Amino acid sequence: VRYAAEDADVTWRLHETLWPRIESSPGLKRVFSEIEMPLISVLAHMERHGVLIDPIALKNQEASMRQRLQVLEKEVFSLTNQSFNMNSPKQLQEILFKHLALPILQKTPTGQHSTADSVLQELALDFEIPRLIIEYRSLSKLISTYTTRLIEQIHPTTKRLHTSYHQAGTVTGRLSSSNPNLQNIPIRTERGRDIRKAFV
C-alpha cells in the first residue's frame, strides 16, 4: 500500500510541476496531446495482442546455423592443427597470438591480447582464421539471442510473443521494446533477414 501510494503521489507531483511547462509550449502540448497520449492505448493493444512468429521456421533456421557452426569449427581446427573451445577468449588468445603468431593489435585493460570483434575484423583482412571466428561468433549470438530465446518466450496460451513497448525510452523518439527486444533483430545479414521472415 505504501509503495503504491508513493507511486501515485510522486506521479501527481510530477504532473503539477511538468504540466504548466508543457502548456506554455503549444508545439510540445500538441505532441503530448495529439501524438503521445493517443498512442498509449494503441501500444497497450499491441502488447496484449502480441506478435505471431513461426517457431518451426526459427527451429529450422537454428538447425541450419548449428550445422554451419560445425563446419566452421572443423575448418578452424584444420587450419590450426588442434581443437579448442572457440568461445573461450583465453584459448583463442593462445591459438591466435602464441600458436599462430598473428600480430597483436590491442591489449585488454588487464594486459591480455585482445580478441574483441574490432581486432578480429582487422586481422581478418589478412588472415583466414579470424574471418571464420567472426562468422562463428555471429552465428552463436543469433542462436542464443534470437532463435532459441524467441521460441522460449512464446506464450503457451496465445502462442505469441508479448514484448513491452517503450514510448519514451530512446533519445531519438522511436519506439523500443524489451522482453524480448525486437528492434535489434539484424537486417544487414542474410541470416538476420531469415529470422525476420519468421515474424508472421
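The values are calculated or read from the model by the stated rules, or taken from the named source; none is laboratory data. Everything numeric in this text was worked out from a predicted model, so none of it was measured. Glycine also receives a Cβ, built like all others from the backbone with ideal geometry; neighbour counts cover every protein chain displayed. The protein model used for the area step is the full one, side chains on, heavy atoms only, and it has no ligands, DNA or RNA in it. Shrake-Rupley method; radii C 1.70, N 1.55, O 1.52, S 1.80 Å.
Report yes if residue 136 is outside any helix (DSSP H, G or I), open to solvent by less than 50 Å² (accessible area, probe 1.4 Å) and out of contact with any His (no Cβ under 6 Å at 6 or more places or on another chain), otherwise no.
No.
Quick check on residue 158: is it within 24 Å of residue 39 (Cβ to Cβ), touching a residue at least 24 places away in the same chain (Cβ under 8 Å), part of a loop (DSSP other than H, G, I, E, B) and more than 16 Å from the chain's Cα centre (by Cα)?
Taking the combined requirement at face value, the residue satisfies it.
Is there any pair linking a residue in the range 28-46 that is open to solvent by less than 80 Å² (accessible area, probe 1.4 Å) to one that is in a helix (DSSP H, G or I) and not polar (S, T, N, Q), with Cβ under 6 Å and at least six apart or on different chains, and which?
29/22; 29/23; 32/22
For the range 82-108, which residues satisfy the criterion of being open to solvent by 60 Å² or more (accessible area, probe 1.4 Å), farther than 23 Å from residue 125 by Cβ and assigned to a loop (DSSP other than H, G, I, E, B)?
Once the filter is applied, which keeps residues that are open to solvent by 60 Å² or more (accessible area, probe 1.4 Å), farther than 23 Å from residue 125 by Cβ and assigned to a loop (DSSP other than H, G, I, E, B), the range 82-108 yields 82, 83, 85, 87.
Hey, residue 74 hits all of (1) surrounded by 14 or more Cβ atoms within 10 Å (Cβ to Cβ); (2) free of Cβ contacts under 8 Å to residues at least 60 places away in the same chain; (3) assigned to a helix (DSSP H, G or I) but one; which does it fall short on?
(1)
Does the range 103-155 hold any residues that are among the basic types (Lys, Arg) and within 20 Å of residue 91 (Cβ to Cβ), and which are they?
Across the range 103-155, the qualifying residues are 107, 131, 137, 141.
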